[in-house]
Amino acid sequence: MSPQDVATAAGHRASGTMTNTVWSGVVSRFRRSLARLYNERDFFRPYEILLALPGFHLMDNFQKSGWKRALFIASRAVLLLQYAIWLVRFYMAMCEAPGHEGKALHYGNTVGVLTMMLARMLVVRWYLPNVQCLMRYLRRQRSRQGRTGDGTYRKILNIALTFQAIGLADRVVFCFSRTYREELYKLPVNSMELGWPMVVALHVLSFDFASRWAAAYNVSLTGMNSIMMGLYDELADIAAEYGQLFNGRSDGGGFWDCLDRNVVRTVQRHETFLAQLAQLKPFLRTTFLMMFYSASLFIALGTFMITANGTSTYDVILSGFLSALLLECYWCCQLVDRLNELNAHIGKLLYNMEWPMELRYTEEDAALYRQARSSLLIMMSKTQQRLGISCGGIFEMSREAFANLMKITYTMLMFLRDTQNFV
């Protein structure tokens, strides 16, 4: 082997070693970032990041940085620009509707979905003071109970990442489906003359659009997950405290002093929980109202489009989005049901307590006996009622409400099909 060949081989080995080192560094940095992400430093951090990503709201702890504020303003401007572009495209498609009904229908459906996302974010922005009040309450309670690092945060984060990935699935199909690009995202002739740079720019803008609006859709679900799961954890802690009311008892007056402290602490915590939930109910009512009826409308229209026009690449993407809407409604009904079931469990727990054995009436402790008994009876009566989380004040959220959603959707679909047959 000549000296030149030896030098070339050594250069190749050095280049390979450098490449492996770079990739090892990238993988190591990714693992550290992932571990840091899954480490619960703030229960509502995923929600706050998703609020800032599309430019809806920047929390106070992010406003301290100048570059973050500038990036937030730019993100909001880009989001509104993208929405305006789709409005213009829909208008132009409507003007060219004869012979291009499929494209006009696609643009109209896209504009409708984007409008729905913006409307839901405006609801969040309108009720943000109520939401922030609850966030402070849950953060304070989780810190006191030492709940940081439990499975709830990981579950919320996994759901958020999954829905964000589903939002990007459309762009993956966009990259590998030439038909999808040409039919729905056809570039003007003067732009196509620029060649591959314009194609690359289209892909970059397309992924930016998908990630930004996927975050806009995801923020509502992640916020509802964080709120409802946080409330469930707090109510579970309250139920555990009710089960330990008679712990630490002793003979004589010490028993009544300990019981009085336990009852006062637990009842006050329960009443604070109910007060926090009451001030959040307007936000929950409006959000669930918009979620339910927009899902019913888009599922009916989307199913009608798929069955009427046949199966295409766009229909596959649309069916995935419709499945996400359906799953979101079911999951929110499930969260509310779990909260109501836990509330009813507290009532059963109080009812099944061995009060005749634990609370023994004596003349000298009559006042303490009546006070403890009346406090527990009041809380028992409150837990016999549902928490009153409703959809726009029309009906309560539950699994039965989800079944009614499916009936409404089916009725709308049949109406559209009958209208098509009549025309």
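So, in nm, how far is label residue 345 from label residue 411 when the simple model puts each one 7 Å beyond its Cα toward the Cβ?
Label at residue 345, label at residue 411, 3.5 nm between them.
Quick check on packing: order 155-162, 296-303 by the mean number of other C-beta atoms within 10 Å, highest mean leading. The partial results should precede the final answer.
Numbers: 155-162: 16.6, 296-303: 20.2.
Top of the packing list down: 296-303, 155-162.
How do 396, 234, 364 rank by accessible surface area computed with a 1.4 Å probe, from largest to smallest?
Output order, biggest surface exposure first: 364, 396, 234.
For the ranges 368-376, 382-390, what's the packing order if you count other beta-carbon atoms within 10 Å of each residue, average per peptide, and put the highest first?
Packing order, densest peptide first, comes out as 382-390, 368-376.
With every protein chain present, what accessible area does residue 260 have (1.4 Å probe, heavy atoms only), rounded to the nearest 10 Å²?
The accessible area of residue 260 comes to roughly 50 Å².
For a quick check of understanding: with a 1.4 angstrom probe and all protein chains in place, what accessible area in square angstrom does residue 127 have, to the nearest ten?
Solvent-accessible area, nearest 10 Å²: 50 Å².
So, by mean Cβ neighbours within 10 angstrom, what's the order for 209-219, 407-417, 114-124 with the highest one leading?
The packing order, highest mean first, is 209-219, 114-124, 407-417.
How do 270, 57, 345 rank by accessible surface area computed with a 1.4 Å probe, from largest to smallest?
345, 57, 270
How much length would be gained if the chain were fully extended between residue 378 and residue 394, taking 0.36 nm per residue of separation minus their Cα-Cα distance, in nm to one decimal?
3.0 nm
Hand me the trypsin sites (Lys or Arg not before Pro) from the range 47-87 located in a DSSP loop with no more than 14 other Cβ atoms within 10 Å, in residue order please.
Filter output for the range 47-87: 64.
How much accessible surface does residue 257 have with a 1.4 Å probe, in Å² rounded to 10?
We get 90 Å² for residue 257.
The values are calculated or read from the model by the stated rules, or taken from the named source; none is laboratory data. What you see is a predicted model, and the numbers here were worked out from it, not measured in a lab. Counting neighbours? That spans all protein chains shown, and the Cβs are built from the backbone with ideal geometry, glycine included. Please note that ligands, DNA and RNA were not included when accessible areas were found on the heavy atoms of the full protein model with its side chains. Shrake-Rupley method; radii C 1.70, N 1.55, O 1.52, S 1.80 Å.
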